[in-house]
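Engineer: I have a structure I would like to understand better, so I am pasting it below and will then ask my questions one at a time.
Just so you know, all these numbers are worked out from the coordinates, no wet-lab data involved. Here the structure is a predicted model, which means the values were calculated and not measured. As a convention, Cβ positions derive from the backbone with ideal geometry for all residues, glycine included, and neighbour counts pool all protein chains shown.
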Amino acid sequence: MTLDFQTINDIVGVDDSFKMPTVLMDIMFDKERREAMFREFLEYETDMSFDWFHIYYQEEYAERKTKKQDFTPNSIGKLLAGIITPEKGMVHEAACGTGGLIIQTWHKQQMDCNPFDYLPSNYFYQCEEMSDRSIPFLLFNLMIRGMNATVIHGDAIHRTAKQVYFVQNDNNDFMQFSSLNVMPHNELTEDKFDIREWTQESIEHIESPFPEWLKEVMESEVR
């Protein structure tokens, strides 16, 4: 089976690609529907080492002329991951797009670790992205891989933000999907993520409590 453009549209349930970001974002907030969709995607593709949406997004949504938006090729992402990936701890990427480089980093960390010793709690990813179109794909990529991450939806330079999403692997099990919470628009969130202004109303969405084993990771140094 092939994960081509039409198959992606069919699984998500859109009849035209321009509807994809809105529909996909709605699904991200519905845990039961989201995880059923993840399992369907995995029937077509089980290689998690690259961003499945890389070509799809560039062909359909990349704003190359107006915003000079282009994504790092998988080959370059793999090279960069090999150079800069820390053994453990927190990794930060601004202008994260749909998460191609983060995926390469996550995959290298998995490959560098004994599979019997690998724990998602040893790794944390802080992502920043401004594009409304990219955010649903980025959240998808993080959650289907069972990653622990924060996603700041905003301007990495001016520190304005719409939302801060918290993606967490609740049971610290690399075979499970992550859940999705939205951080409140309060002083603690603003201080932690250096948010100077909110440009969208707060969204109330909590799927699971903050696990104790993630607190130490959140306090670790950003590499």
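Engineer: Pick out, from SER134, HIS185, GLN168, the residue whose Cα sits farthest towards the positive end of the charge dipole of the range 119-214, with +1 on the Cβ of Lys and Arg and -1 on the Cβ of Asp and Glu.
Structural biologist: Looking along the dipole axis, the top candidate is SER134.
Engineer: Quick check on the range 92-223: of the DSSP beta bridges with both residues there, what percent are antiparallel, nearest 5%?
Structural biologist: The antiparallel proportion sits near 55 percent.
Engineer: Nothing charged except the Cβ atoms of Lys and Arg (+1) and of Asp and Glu (-1): what's the magnitude of the dipole of the range 166-214 about its Cα centre? Round to the nearest 20 debye.
Structural biologist: Roughly 120 debye for the range 166-214.
Engineer: While we're looking at this one, here's another question. Identify the trypsin sites (Lys or Arg not before Pro) of the range 137-198 meeting these criteria: DSSP loop state and at most 16 other C-beta atoms within 10 Å of the C-beta.
Structural biologist: Of the trypsin sites (Lys or Arg not before Pro), the ones in loops of the range 137-198 whose Cβ has at most 16 other Cβ atoms within 10 Å are ARG159, ARG196.
Engineer: In whole Å, how far is the Cα centre of the range 133-200 from that of the range 1-61?
Structural biologist: So the two Cα centres are separated by 19 Å.
Engineer: At a 10 angstrom cut-off on C-beta neighbours, averaged per residue, how do the peptides 117-124, 129-136 rank from highest to lowest?
Structural biologist: Peptide ranking by packing, descending: 129-136, 117-124.
Engineer: Sticking with this one: In square nanometres, what is the average projected area of the Cα convex hull of the range 151-204?
Structural biologist: Averaged projected hull area, Cα only: 4.2 nm².
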